[in-house]
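Let me begin by presenting the structure, written as structure tokens, before commenting on it.
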Amino acid sequence: MSEAKFKRDRDIHGPRLEIALAAALAKAHDLLTARDPRLQVGTAGVYLEVESVKDSKLPDLDWSSRDIRLGAVRVDKTGAEVGALFVPEAAEAFLALKVEEYAHQSTQALTPKPKHEARFAPVETIRAGAIASLWTDQRPLPANPAERIWWECWSWRELVAHLVQVAERLSLRLSDRRLYFPELVVMPVYANLLEMSRLLQNTDAIEELRGATDTPAFFTTTARREQSLWVGDLVERIKGPDRDSPVVCLLDGGVARAHPLLASALDADDCFSVDPRWGVDDHDPGGHGTNMSGAALYADLTYPLADQRSVTLDFRLESVKFLPPPGFQPTDPASYGAITQAAVALPEIENPDRQRIFCMAVTNEDVSGERPTSWSAAIDQVCAGRMPGDEPAADGELPRRLFFVSAGNVPDASDPDDVSDPDEFPIEDPSQAWNAITVGGFTEKVDIAEEEGLAGWKPVADVGERSPYSRISTDWGHAQTPIKPEIVFEAGNRALSEAGRELLSGIDSLSLLTTARNFIEQPLATFWATSPATAQAAGMAGTIMARRPDLWPETIRALMVHSAEWTPAMREQLKACGKKKDRIALARHFGYGVPHLDRALASAQNDLALVAQTSIQPFKRERKLNLAGDQVLGAPVFNEVHYYKLPWPRQALEDLFERDVRLKITLSYFIEPSPGRAAPVTPARYQSYGLRFELNRPLETEALFRQRINRLERGEEKRPKADPDPRWTFGGQSVAAGSLHCDVWVGPASELATRDLIAIRPVSGWWRYRPQLGRYRTRARYALVVSITAEDADVELYTEIANLIGLGIETEIST
């Protein structure tokens, strides 16, 4: 933010801030009615609520030497940032002195400035803090002070023992399902509002409070049809997977393993449960886990049942039951991050050498994924190979994992007006996980069968449109959140009455067909919404992994997104958008489109795909001389930039002249998450590092391109507010969050002929900002996929480029 932004009358603002601080400290002490020396553990202090200037960010108010800590940062309705500042009693005079110096003293410089201007000028006001000051959940605090709920206590890692001791002294229930992050521990505590206030006033450990996640929503409604003879016929045509095939591991409610369509792909030894008392069978009345298994293996069973072709299964299944069956107490809702990680570990302990993909179609009903949560961050850890117990393999690589999660479903409603505005149904937690592939739904099912007795009814969505079951992320803060979903698969359709006043869900002809739990009586069931879409996505990834076992999880993720295409209906919507921000908003409905297996595995004859998977060290520290002349380590700085010389067949492209070609670039990597503090509103605080791709501009030589990238990395050149290349679908300004970036450039072939350089450069993250943790030395992996499509062209670009490079890309590393 520019210096002029905070140019204000210090003579007015400074004294006003002094008065506000004094009043806030006094009132904060008056509110300490629950402090008890017999309970207190740790440093005695108070919480103050600090608010920034409207549409501005809070400054760095931490003073580590005095144990003053800022947390619970969120954005209020006015656009100002609000946070909770913990001030030890022993540091109150110090803080008051610093505000006094800001109000009345200036620096000794040629151009004097108020002391501590950077810290205090952006602060609009300071108030006494309360429990609401630490509450960052979108849901309101409990209205009934006696109502007990599960709280997520986000606690400083080095102080979490203080919280445990006070909670035990208060006889509060603590969950064993805790999540550990670099600086924070998420501690679930069962308490009411009054008990939580006592806990808060007697410990120095709490950085932030949230409501624990509700019971995860999964969808069990099914419609069964008798298909025993068809199932028997299909079983005879199935060639089961090999023993050493990769695995799609379903995290769900168990599976009816003996189902004849599942038995060849799922062994009894590959069924697990996070609680042995639950068993491993599918006890869900709706059979969701069994439904998911069939959708992963066969997608929509309507088609293999109806033809006579043999079906070869490329991958096996594993099942981990992590949802309790009927009759058991619901799992602590605050524990689902830890339970998910435990579920991931179970099959890996049993079969550590297997290649596997994880699939979970369970979400928190009506809990928006706009902000990172303990559950979404736990999934990010799973993908990055950074969950507790993860150790590097013999080659030094961490166990990175590919994880698919559903976007969540728009609820059933009989009145169309109740679900008419998709913005009211944001994608659900934990689908905001940066490293996971979030799967939404589209549909091509528009024909309502006559035998269903719905004459005059019509489908809600047209062919190729977003499924009316699928949630979107347009309501999220675009600059701070990834584009979700990344991909969409078939999710079925809803039907609307002739008069337009009634809505129906789960219609057989507008749904998918899959395996049913009660397979002896009813082996088939209809299945709809984002659960089958997620299962299909995992199944496609399983096939890619089976056929290309050399590919990393990051690469399979990149290939799936890169292979995605928008349907004609989606393209028409995108074309109607005059601005890139409108196209980005549409991408939050249906992502990058519908993936295609053939595109992911091989290029078509007029299509070129180049794939690179490699590692980069984003940061380094260099020795420098301090004022005393001693050599010391400086702050971490950017390290490597990777350059790719793309072997475009220049003559072939120039011959196409003004005919349009399409360049698509996809970059995939896994970040290590660090939730809490300012992470929800500042992507660089959540991610360990980031990567961006840059393409040389028209007429920009290699030397000029490298100079521009170097200036960007040194901070000497900022991205222009206006995108310098209008031919990109989304543009570089759209990339602020997430660990997968994809964009499409469309323009004249003759222009692309000279644009043959790509740079992969790092951007900041907490590995750089927190050198004391030592992660700045870490190498990170990424996958890059680049393709040219000569639409409606008869030139064989694939053949020409194959002759040039033998299907390889040279990477040059610059530091």
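The values are calculated or read from the model by the stated rules, or taken from the named source; none is laboratory data. Here the structure is a predicted model, which means the values were calculated and not measured. Positions of Cβ are backbone-derived with ideal geometry, glycine not excepted, and every protein chain shown enters the neighbour counts. Remember, those area values only see protein heavy atoms, side chains included, never the ligands or the DNA or RNA. Shrake-Rupley method; radii C 1.70, N 1.55, O 1.52, S 1.80 Å.
Restricting the first residue to segment 107-133 and requiring it to be small (Gly, Ala, Ser), which pairs with a second residue that is part of a loop (DSSP other than H, G, I, E, B) and open to solvent by 50 Å² or more (accessible area, probe 1.4 Å) meet a Cβ separation below 9 Å and a spacing of at least six or different chains?
Ala118/Asp60; Ala121/Lys7; Ala121/Arg8; Ala128/Leu31; Gly129/Leu31; Ala130/Leu31
For (1) assigned to a loop (DSSP other than H, G, I, E, B); (2) without any contact (Cβ under 8 Å) to a residue 40 or more places away in the chain; (3) farther than 24 Å from Thr567 by Cα, each residue gets a yes or a no:
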{"position": "Asp423", "(1), (2), (3)": "no, no, no"}
{"position": "Asn435", "(1), (2), (3)": "yes, no, yes"}
{"position": "Thr438", "(1), (2), (3)": "no, no, no"}
{"position": "Val463", "(1), (2), (3)": "yes, no, no"}
{"position": "Pro468", "(1), (2), (3)": "yes, no, no"}
{"position": "Thr481", "(1), (2), (3)": "yes, no, yes"}
{"position": "Arg501", "(1), (2), (3)": "yes, no, yes"}
{"position": "Leu513", "(1), (2), (3)": "no, no, no"}
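Out of curiosity, is Ala377 open to solvent by less than 20 Å² (accessible area, probe 1.4 Å), touching a Cys at 6+ places or on another chain (Cβ under 9 Å) and over 30 Å from Ala495 (Cβ atoms)?
So Ala377 does not fit the description; no.
Hey, can you tell me all the residues within segment 318-333 that are among the hydroxyl-bearing types (Ser, Thr, Tyr), crowded, with 24+ Cβ neighbours inside 10 Å and at pLDDT below 95?
Narrowing segment 318-333 to residues among the hydroxyl-bearing types (Ser, Thr, Tyr): 319, 331.
Now narrow it down to the ones that are crowded, with 24+ Cβ neighbours inside 10 Å: 319.
Within segment 318-333, none qualify.
How many residues, within segment 10-28, are touching a Leu at 6+ places or on another chain (Cβ under 9 Å) and within 15 Å of Lys98 (Cα to Cα)?
2
Output the residue which, of all residues in segment 301-317 that are under 34 Å from the mean Cα position of the chain (by Cα) and among the polar types (S, T, N, Q), is surrounded by the most Cβ atoms within 10 Å (Cβ to Cβ).
Taking the candidates together, the pick is Thr302.
So, in segment 636-656, exactly how many residues are touching a Lys or Arg at 6+ places or on another chain (Cβ under 7 Å) and surrounded by fewer than 19 Cβ atoms within 10 Å (Cβ to Cβ)?
The number of residues fulfilling the criteria is 1.
For segment 586-604: of the residues being part of a helix (DSSP H, G or I) and open to solvent by 30 Å² or more (accessible area, probe 1.4 Å), which is nearest to Trp728 (Cα to Cα)?
His589
For residues in segment 31-69 being modelled with pLDDT under 90, more than 29 Å from the chain's Cα centre (by Cα) and among the basic types (Lys, Arg), which is farthest from Ala91 (Cα to Cα)?
Arg38
Report the residue count in segment 657-687 for those that are at pLDDT 95 or above and in contact with a Lys or Arg (Cβ under 7 Å, 6 or more places away or on another chain).
Count: 4.
Return the total of residues in segment 252-291 being of a type outside the set (Ser, Thr, Tyr), out of contact with any helix residue (DSSP H, G or I) (no Cβ under 9 Å at 6 or more places or on another chain), crowded, with 18+ Cβ neighbours inside 10 Å and in a helix (DSSP H, G or I).
Within segment 252-291, residues that are of a type outside the set (Ser, Thr, Tyr), out of contact with any helix residue (DSSP H, G or I) (no Cβ under 9 Å at 6 or more places or on another chain), crowded, with 18+ Cβ neighbours inside 10 Å and in a helix (DSSP H, G or I) number 2.
Show the residue pairs that are 6+ apart or on different chains and have beta-carbon atoms under 6 Å apart, the first residue being within segment 557-568 and in contact (Cβ under 8 Å) with a residue 24 or more places away in the chain, the second being open to solvent by 20 Å² or more (accessible area, probe 1.4 Å).
From segment 557-568, the pairs are Ser563/His596; Ser563/Arg599.
Would you be able to tell me the number of residues in segment 154-184 that are assigned to a strand (DSSP E or B) and under 20 Å from Leu39 (Cβ atoms)?
Looking only at that region, the number is 4.
With Trp151, Trp135 as the choices, which residue is among the aromatic types (Phe, Trp, Tyr), closer than 22 Å to Ala338 by Cα and at pLDDT below 90?
Trp151
Examine segment 425-440 for a residue that is open to solvent by 10 Å² or more (accessible area, probe 1.4 Å) and aromatic (Phe, Trp, Tyr), and state whether such a residue exists.
yes
For residues that are over 24 Å from Arg588 (Cβ atoms) and under 28 Å from the mean Cα position of the chain (by Cα), tally how many sit in segment 488-511.
So the answer is 1.
When you scan segment 406-434, how many residues do you find that are of a type in the set (A, V, I, L, M, F, W, C), within 20 Å of the chain's Cα centre (by Cα) and under 19 Å from Gly492 (Cβ atoms)?
Result for segment 406-434: 4.
Please find, within segment 559-571, the residue that is nearest to the chain's Cα centre (by Cα) out of those that are farther than 16 Å from Ala538 by Cβ and outside any loop (DSSP other than H, G, I, E, B).
His562
Assess whether Asp508 counts as being at negative phi, surrounded by fewer than 23 Cβ atoms within 10 Å (Cβ to Cβ) and either touching a Cys at 6+ places or on another chain (Cβ under 8 Å) or without any contact (Cβ under 8 Å) to a residue 12 or more places away in the chain (or both).
Considered against the rule, which asks whether it is at negative phi, surrounded by fewer than 23 Cβ atoms within 10 Å (Cβ to Cβ) and either touching a Cys at 6+ places or on another chain (Cβ under 8 Å) or without any contact (Cβ under 8 Å) to a residue 12 or more places away in the chain (or both), Asp508 comes out as no.
This table checks each residue for (1) among the polar types (S, T, N, Q); (2) out of contact with any Ser or Thr (no Cβ under 9 Å at 6 or more places or on another chain).
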site	(1), (2)
Arg257	no, no
Asp284	no, no
Pro304	no, yes
Thr312	yes, yes
Phe322	no, no
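Can you give me the ranges of the helices (runs of 4 or more DSSP H) entirely in segment 292-392 with at least 1 residues that are over 21 Å from Ala407 (Cβ atoms) and in contact with a strand residue (DSSP E or B) (Cβ under 7 Å, 6 or more places away or on another chain)?
So the answer is 302-306, 336-350.
Identify all residues within segment 752-773 that are more than 30 Å from Leu699 (Cα to Cα), open to solvent by 10 Å² or more (accessible area, probe 1.4 Å) and not in a helix (DSSP H, G or I); write none if there are none.
Matches in segment 752-773: Arg770 only.
So that you can scan it fast, the table gives a plain yes or no per residue for (1) open to solvent by less than 20 Å² (accessible area, probe 1.4 Å); (2) in contact with a strand residue (DSSP E or B) (Cβ under 6 Å, 6 or more places away or on another chain); (3) within 24 Å of Ala684 (Cα to Cα):
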position: Ala533; (1), (2), (3): yes, yes, no
position: Ala537; (1), (2), (3): yes, yes, no
position: Ile544; (1), (2), (3): yes, no, no
position: Trp552; (1), (2), (3): no, yes, no
position: Pro568; (1), (2), (3): no, no, no
position: Lys580; (1), (2), (3): no, no, yes
position: Gln613; (1), (2), (3): no, yes, yes
position: Glu622; (1), (2), (3): no, no, yes
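Please go through (1) over 30 Å from Leu193 (Cβ atoms); (2) open to solvent by less than 10 Å² (accessible area, probe 1.4 Å) for Phe94 and return the number of the only condition it doesn't satisfy.
All conditions pass for Phe94, except number (2).
Mind listing whichever residues of segment 384-412 are open to solvent by less than 20 Å² (accessible area, probe 1.4 Å) and either more than 18 Å from Asn351 (Cβ to Cβ) or among the charged types (D, E, K, R) (or both)?
Ala384, Arg401, Phe404, Val405, Ser406, Ala407, Gly408, Asn409, Val410 - these are the residues of segment 384-412 that are open to solvent by less than 20 Å² (accessible area, probe 1.4 Å) and either more than 18 Å from Asn351 (Cβ to Cβ) or among the charged types (D, E, K, R) (or both).
If a residue must be surrounded by fewer than 17 Cβ atoms within 10 Å (Cβ to Cβ) and either touching a Leu at 6+ places or on another chain (Cβ under 9 Å) or without any contact (Cβ under 8 Å) to a residue 60 or more places away in the chain (or both), how many such residues does segment 45-62 contain?
Total meeting the criteria: 3.
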